[in-house]
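Okay, structure first, notes after.
Every read-out reported here was derived from the displayed coordinates using simple, explicitly stated rules and does not represent laboratory data. Since the model is a prediction, treat every value here as computed from it, not as a measurement. Quick reminder, even Gly has a Cβ in these numbers, built from the backbone with ideal geometry, and neighbours come from all protein chains shown.
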Amino acid sequence: MFDKLRKKFTDIFTSENNENINDRANLNNESDEQKIIRRDHIDQQIEETLLESDVSFDSTQMIIESLKNSMGKLKKRVDYKFIENELKKTIKGEITKNNGGSINILNANKKPYVILFLGINGTGKTTTIAKMAYFLKERGKSVVIAASDTFRAGAIDQISILGKEINVEVIKHDFKSDPASVAYDAIDHARARSIDYVLVDSAGRMQTNKNLLDEMKKIKKVAKPDLTVLVLDAMIGHDVIEQANTFLKEINFDGIILTKLDTDARGGSIISISAEIKKPILFIGVGQKMEDLMPFDPDWYLNKIFSSK
Ligand SMILES: Nc1nc2c(ncn2[C@@H]2O[C@H](COP(=O)(O)OP(=O)(O)O)[C@@H](O)[C@H]2O)c(=O)[nH]1
Ligand SMILES: [Mg+2]
């Protein structure tokens, strides 16, 4: 996970070579001019690293600018440890500015608490719903799932099988039936049995498919979710920003779940999303097993991408 980004940061900040440069420069009383040139070179290395790691161009510029600002008059400070710490602070600022990692899904203020999952096909919605149901059950909560992806033949079977696996009831209607009424039934079912959470699946063939967008809007209107989450696939790289913006514009959502980070070596999508989409990352998917869903923790991420403490 994030191996390439970690390796590049390690190369810049903790390679023996760079540490030797530090020592040599200090010994030789490097001139201010030399320091500024060297500092520019380090900034450039950081910029290239971010761009190569799926951090979008705009986010990269934002980070480099903010790094330069926070260093201010310290342009001449060229020790790698110091710059690494400043970069860490800058990235932490970005990934926490939308309250990423701070919403506690377990603190539901309503019963049932309805969560609607949106996202285009293949991003991992259905799997994530099963993982979320498992997460909640493990913490003593009761859950029911609404099989509101009635668009794809296999979708109802898929969620039913996952439901059996984790012992969570799945409310379903027939293939092609009205997804909003499935959600409605599931909420009714939860109310009657005092169930804590309703997780609503949805279809999402293409982000540009007008009918499906209308269908999602209708589910949202009927289910009146307490929380709407957009599921994004980290593997698609820069496209996550465009996808998120389309959903923001068309339906709106409260937070993001980023999936498939276990297969993501580049590692920068968390930074881009945080920098450019003003919604928190709530959870991350880190594998295909039921326990592979983690509340997003900014410090965990920083520890993954920087090798020194
Ligand atoms: N490696 C990995 N695969 C995942 C993750 N989340 C989902 N998947 C896989 O992504 C594929 C599509 O998932 P699915 O839930 O059917 O997507 P949906 O079309 O959005 O409902 C499946 O093969 C899942 O096992 C994850 O966090 N890591
Ligand atoms: Mg699905």
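In loop segments of the range 91-138 as defined by DSSP, there are no chymotrypsin sites (Phe, Trp or Tyr not before Pro) with at most 15 further C-beta atoms inside 10 Å of their C-beta.
Given Cα pairs under 8 Å that are at least 6 residues apart, what percent is the relative contact order of the chain?
Numbers: 539 pairs, mean separation 81.3, N = 309.
Relative contact order here is 26 percent.
Normalised by the number of residues in the range 213-309, the average gap of Cα pairs under 8 Å and 6 or more apart makes the relative contact order 23 percent. Residues whose amide H falls under 5 Å from that of residue 259, counting only those 5 or more places apart or on a different chain, are 232, 233, 234, 285, with hydrogens built in the peptide plane. Per-residue extension of 0.36 nm, minus the Cα-Cα distance of residue 57 and residue 152, leaves a gain of 30.6 nm for this segment.
What FRET efficiency would be calculated for the residue pair residue 278, residue 110, taking the C-beta separation as r and a Förster radius of 30 Å, to the nearest 0.05? Can you show the working numbers first?
Numbers: r = 24 Å, r/R0 = 0.81.
FRET efficiency, residue 278 to residue 110: 0.80.
In the chain, the longest principal axis of the Cα atoms and the axis of helix 16-27 are about 40 degrees apart.
For the range 113-296, the relative contact order works out to 26 percent when only alpha carbon pairs closer than 8 Å and six or more residues apart are counted. Converting phi to 3J(HN,Hα) with the Karplus coefficients 6.51, -1.76 and 1.60 and the offset θ = phi - 60°, the range 295-306 yields x, 6, 10, x, 5, 4, 5, 4, 5, 6, 8, 10 Hz in sequence order, with x at every glycine or proline.
Full extension of the chain segment joining residue 175 with residue 89 gains 26.0 nm, where the gain is 0.36 nm per residue of separation less the Cα-Cα distance.
Quick check: residue separation of residue 48 and residue 226 times 0.36 nm, minus the Cα distance between them. What number comes out in nm?
Details: separation 178, 0.36 × 178 = 64.08 nm, distance 4.06 nm.
In short, 60.0 nm is gained.
Footprinting exposure proxy ranking of 248, 5, fewest other C-beta atoms within 10 angstrom first, gives 248, 5. Evaluate E = 1/(1 + (r/R0)^6) for residue 189 and residue 250, where r is the Cβ-Cβ distance and R0 equals 41 Å; express this FRET efficiency to the nearest 0.05. Result of the calculation: an efficiency of 0.90. In terms of other Cβ atoms within 10 Å, 137, 125 run from fewest to most in the order 137, 125. A crude spin-label estimate for the pair residue 11 and residue 262, with each label 7 Å from Cα along the Cβ direction, gives 2.8 nm.
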